[in-house]
Amino acid sequence: MPLIEPMTPAFASYLSDESRTQGQAEYIAFPRSEEEIAQVLCWCAQHGVPVTAQGGMTGLAGGASPQGGLALNLSRMDRILGLRRDSGGTWLLRVQPGVRLLQVRKALKEKSFQISQWDEASVAALRDFRPGEAFFSPDPTETTASIGGMAACNASGARSYLYGATRTKIHALRVVLTDGSVTALERGVHRARGREALLPLTDGSARRVLLPEFETPPIKDAGFYLRRDMDLVDLFMGSQGLFGIISELELELTPSPALLWGVTAFLPDHAAALRYVRALKGQEGAPLPDRPAAIEFFDRRALRLVEEQKAETPAFRQLQELPEDYNCAVYAEFNPRDPALFLPTLSSLSDTLRRLGGDPERTWVARNERELEKLLFFRHTVPETIDLIVEKNRKNDPCITILSTDMAVDDAHFETLFHRYERDLDACNMPCLLFGHIGENHVHPNLLARTREEWERGHRLFEEWAAFVASMGGTITAEHGAGKIKRKLEAIMMGPEKMAQLWELKRQLDPQLLLGPGNVLTEVEQ
């Protein structure tokens, strides 16, 4: 069929995502509409061809790298379809799945929309929308991520500490199932009854699905979301393209804050940093006047790595100079809607820092968006530096990929996990660092393997951590999903019984097991 093309060298860039996982496929398709997605899926079902959904190709778990069959690339479904305001005054933006996060942010900030195909109600609503009055709050590090991909992996980012992950900001969606049928779901309208879910189809019928008996952990998680009586929109959040292909989404927008400001504090040791984080979260001492939007941690190795990279990378030379006697750093961002909260919060942080051995005079403070960009540039330099080093180490052996964990636990268990990371990193005998979203108990140990032996040893250590996290009721998919890279860790976390229930759920929605070959569940049936 015309929509489906043979995979040729011209499409080689669609065989690998940001994780550097190299895939292969026989076909590729670039649909532009829901109808074309349905046509492709029906053809694949008829011919038994597996399907891998792709968006911005920015994932770090290999989910968009196809493992045979057809690459269904949604990047050309990149239109913003409409705008409305609900009865409570919340703005809702309707988009196709290939729209990029950066595109949404720019359109909302500048009120710059292509409206030639909008309906009259959307055009009327746009007249009342003020530039920048609301934004889409999920903030993965890579702003070229597609909105559909963000939903499929329940992407989060630093600011999910305050605003929540993508799942909480999807009001409605449309999903094409493997037989070409379409389910349209709206949050608060379509819910499961206990474990029974009836997915309404646009032809007037419904698909009955029996949900697994277990529930996923109530913590930050990019994987499956399962609850009794759950909202059915959430069934497809974090499902990583295994249950259906998202063809349209309606995003819930958040009112823009009055101020954007941030503080990077340098602490004498990890013990002081953990106490500072507890103070930021209101778990130690009096709660802050304003709740942080983000809380990020950087150990000494991460800071030193960036300092060393400055000499090799001209773009990094604009970074601020670090204090001479630093040990680790904690970045906190605040997005107050009330400007009066700024000074009391800053004063409270200064008192806390002094008590813990920090120095407010050597703390970086950003009081506006321009200054904040400098602090965010420093934060994003850490993963960028890791990417550069991994790419260099791949010259030693092409098997080498990013070795970064994505695990999280609840508040009660976090410091136990943190100290386990400290112990194992000190003993691993290879370059490593620890940084990340400490506010949500989710930091990233990174191992910078230089050889195949170190890379294999790193994976064995990840398996040990996965079992440890599972024993505390945590998750191994806090932010990036399992994709292909973390399949084994997912199996360790879930165990055979839960894994069997997930397989049964998939069979009900994808009887031929065509969607997402190699992702999470589909390489070898459990």
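The values are calculated or read from the model by the stated rules, or taken from the named source; none is laboratory data. Bear in mind that the values here come from a model prediction, so they are computed numbers and not experimental data. FYI the Cβ positions are ideal-geometry reconstructions off the backbone, even for glycines, and counts take in every protein chain you see. Ligands, DNA and RNA are excluded from the accessible area calculation, which covers all protein heavy atoms including side chains. Shrake-Rupley method; radii C 1.70, N 1.55, O 1.52, S 1.80 Å.
Identify, from the list LEU513, LEU489, the residue that is of a type in the set (A, V, I, L, M), at positive phi and open to solvent by 10 Å² or more (accessible area, probe 1.4 Å).
Only one candidate passes the filter, namely LEU513.
Rundown of residues vs (1) among the aliphatic types (A, V, I, L, M); (2) in contact with a strand residue (DSSP E or B) (Cβ under 7 Å, 6 or more places away or on another chain); (3) within 22 Å of PRO383 (Cβ to Cβ), yes/no style:
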residue	(1), (2), (3)
LEU60	yes, no, yes
ARG79	no, no, no
GLY82	no, yes, no
GLY88	no, no, no
LYS111	no, no, no
ILE147	yes, yes, yes
ALA155	yes, no, yes
SER160	no, no, yes
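Of everything in the range 51-86 that's at pLDDT below 95, at negative phi and open to solvent by 10 Å² or more (accessible area, probe 1.4 Å), which residue is farthest from the chain's Cα centre (by Cα)?
If we take residues in the range 51-86 being at pLDDT below 95, at negative phi and open to solvent by 10 Å² or more (accessible area, probe 1.4 Å), then GLN67 is farthest from the chain's Cα centre (by Cα).
Can you name the condition, by its number, that THR345 falls short on among (1) out of contact with any helix residue (DSSP H, G or I) (no Cβ under 7 Å at 6 or more places or on another chain); (2) surrounded by fewer than 18 Cβ atoms within 10 Å (Cβ to Cβ); (3) in contact (Cβ under 8 Å) with a residue 12 or more places away in the chain; (4) over 25 Å from HIS444 (Cα atoms)?
The failed condition is (2).
Could you grab me the full set of residues in the range 442-454 that are of a type in the set (S, T, N, Q) and either surrounded by 24 or more Cβ atoms within 10 Å (Cβ to Cβ) or in a strand (DSSP E or B) (or both)?
The answer is ASN446, and nothing else.
Touching a strand residue (DSSP E or B) at 6+ places or on another chain (Cβ under 8 Å) and open to solvent by 30 Å² or more (accessible area, probe 1.4 Å): does that describe GLU5?
Spelling it out, GLU5 is indeed touching a strand residue (DSSP E or B) at 6+ places or on another chain (Cβ under 8 Å) and open to solvent by 30 Å² or more (accessible area, probe 1.4 Å).
Here's a check for you: in the range 369-405, which residue that is of a type in the set (Lys, Arg) and open to solvent by 60 Å² or more (accessible area, probe 1.4 Å) is farthest from ALA470 (Cα to Cα)?
Filtering the range 369-405 for residues that are of a type in the set (Lys, Arg) and open to solvent by 60 Å² or more (accessible area, probe 1.4 Å), the one farthest from ALA470 (Cα to Cα) comes out as ARG370.
(1) within 30 Å of SER75 (Cα to Cα); (2) of a type in the set (A, V, I, L, M, F, W, C); (3) at pLDDT 95 or above; (4) touching a His at 6+ places or on another chain (Cβ under 8 Å): which one isn't true of PHE243, the others all being true?
For PHE243, the exception is condition (4).
Do we find that GLU361 is at pLDDT 85 or above, within 23 Å of PHE298 (Cα to Cα) and out of contact with any Phe, Trp or Tyr (no Cβ under 9 Å at 6 or more places or on another chain) in this structure?
For GLU361, the condition - at pLDDT 85 or above, within 23 Å of PHE298 (Cα to Cα) and out of contact with any Phe, Trp or Tyr (no Cβ under 9 Å at 6 or more places or on another chain) - is met.
Return the pairs, sorted by first residue and then second, in which the second residue is among the small types (Gly, Ala, Ser), the first residue lies in the range 446-457 and is touching a residue at least 24 places away in the same chain (Cβ under 8 Å), the beta carbons are less than 7 Å apart, and the residues are 6+ apart or on different chains.
ASN446/SER404; LEU447/GLY458; ALA449/GLY458; TRP455/ALA449
Any residue that is open to solvent by 10 Å² or more (accessible area, probe 1.4 Å) and on the phi > 0 side of the Ramachandran plot - is there at least one of those in the range 284-303?
Yes, the range 284-303 contains a residue that is open to solvent by 10 Å² or more (accessible area, probe 1.4 Å) and on the phi > 0 side of the Ramachandran plot.
Out of the residues in the range 168-189 meeting the condition of being assigned to a loop (DSSP other than H, G, I, E, B) and charged (D, E, K, R), tell me which one is nearest to PHE236 (Cα to Cα).
ARG187
Residue-by-condition table, conditions (1) among the small types (Gly, Ala, Ser); (2) open to solvent by 60 Å² or more (accessible area, probe 1.4 Å); (3) at pLDDT below 95:
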{"site": "ARG191", "(1), (2), (3)": "no, yes, no"}
{"site": "GLY194", "(1), (2), (3)": "yes, no, no"}
{"site": "GLY204", "(1), (2), (3)": "yes, yes, no"}
{"site": "GLU248", "(1), (2), (3)": "no, no, no"}
{"site": "ALA272", "(1), (2), (3)": "yes, no, no"}
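Restricting to the range 424-441, name every residue that is under 21 Å from ALA329 (Cβ atoms) and either in a helix (DSSP H, G or I) or of a type in the set (Phe, Trp, Tyr) (or both).
Selection gives LEU425, ASP426, PHE435, ILE438, GLY439, GLU440.
All but one of (1) in contact with a Leu (Cβ under 7 Å, 6 or more places away or on another chain); (2) closer than 29 Å to LYS281 by Cα hold for SER160, so report the exception by its number.
SER160 satisfies all of (1) in contact with a Leu (Cβ under 7 Å, 6 or more places away or on another chain); (2) closer than 29 Å to LYS281 by Cα except (1).
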